[in-house]
Amino acid sequence: MNFDWEKLASACQFDVILMDPPWQLASQAPTRGVAIAYQQLPDVCIESLPIQLLQTSGFIFIWVINNKYTKAFRLMKQWGYTYVDDIAWVKQTVNRRMAKGHGYYLQHAKETCLVGKKGVDPPNLQRSVASDVIFSERRGQSQKPEEMYEIIEQLIPGGRYLEIFGRKNNLRDYWVTIGNEL
């Protein structure tokens, strides 16, 4: 991802960074016939993001796939964060049933977002404002629930929000969104 991170960091330090990395799947037939409509990135590209420039204190939210938990925890540590929580998104169909998808061993009906923190709490932090479980309808491929943005905005109202690897369907007022599909 070619971007002038230093220029962004000099213009603004963010209270929250949200990212949904396009993790590269590891196996020979990782999707077993399910088409992936986005470009995946090798871990080294995600590791090279200068996240530490963008935030001296605050929270990072990282969506993670099952085989990348260890990598995501290492990245948090590399970027100076301590793991503090996670949010589970239980995907539902339009009929409010669990929307099961492909998994390597089990059918997946949820996604997980890890939450890390570094430095001091933002002054406008509101604790215990939302649940760590989202029950929401599955939308387009890789499209995350609107409730995630609402949780972040309730946790740190009026904050400075950055989304990395955003897409057109993720654009939101008062957020800075960066992504190669915008």
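The values are calculated or read from the model by the stated rules, or taken from the named source; none is laboratory data. Small disclaimer: the values here were computed from a predicted structure and weren't measured. Because the Cβ atoms are built from the backbone with ideal geometry, glycine has one as well, and the counts that use them run over all protein chains shown. The accessibility values were calculated without ligands, DNA or RNA, using every heavy atom of the protein model including side chains. Shrake-Rupley method; radii C 1.70, N 1.55, O 1.52, S 1.80 Å.
Residue count for the stretch 1-44 under the criterion of being out of contact with any helix residue (DSSP H, G or I) (no Cβ under 7 Å at 6 or more places or on another chain), within 14 Å of Phe165 (Cβ to Cβ) and at pLDDT 95 or above: the result is 1. Here Phe165 does not qualify as touching a residue at least 24 places away in the same chain (Cβ under 8 Å) and open to solvent by 90 Å² or more (accessible area, probe 1.4 Å).
With respect to Ala130, is the statement that it is of a type in the set (A, V, I, L, M, F, W, C), over 19 Å from Gln24 (Cα atoms) and in a strand (DSSP E or B) true? So Ala130 does not fit the description; no. Just wondering, is there one or more residues in the stretch 128-143 that are closer than 14 Å to Val16 by Cα and either of a type outside the set (Lys, Arg) or at pLDDT below 95 (or both)? Within the stretch 128-143, not a single residue is closer than 14 Å to Val16 by Cα and either of a type outside the set (Lys, Arg) or at pLDDT below 95 (or both). Just one residue in the set Asn180, Asn170 is buried (at least 19 other Cβ atoms within 10 Å of the Cβ) and among the polar types (S, T, N, Q); that residue is Asn170.
For the stretch 101-127, a residue qualifies if it is in a loop (DSSP other than H, G, I, E, B), open to solvent by 60 Å² or more (accessible area, probe 1.4 Å) and under 25 Å from Lys71 (Cβ atoms), and the qualifying residues are His102, Tyr104, Tyr105, Leu106, Gln107.
Listed conditions (1) open to solvent by less than 40 Å² (accessible area, probe 1.4 Å); (2) in contact (Cβ under 8 Å) with a residue 60 or more places away in the chain are all met by Ile60, apart from (2).
So for the stretch 70-91 (the condition being at pLDDT 95 or above, within 25 Å of Glu146 (Cα to Cα) and assigned to a loop (DSSP other than H, G, I, E, B)), does at least one residue qualify? Yes, that holds for at least one residue. In the stretch 141-159, is there at least one residue being touching a helix residue (DSSP H, G or I) at 6+ places or on another chain (Cβ under 9 Å), exposed (fewer than 15 other Cβ atoms within 10 Å of the Cβ) and in a strand (DSSP E or B)? Within the stretch 141-159, not a single residue is touching a helix residue (DSSP H, G or I) at 6+ places or on another chain (Cβ under 9 Å), exposed (fewer than 15 other Cβ atoms within 10 Å of the Cβ) and in a strand (DSSP E or B).
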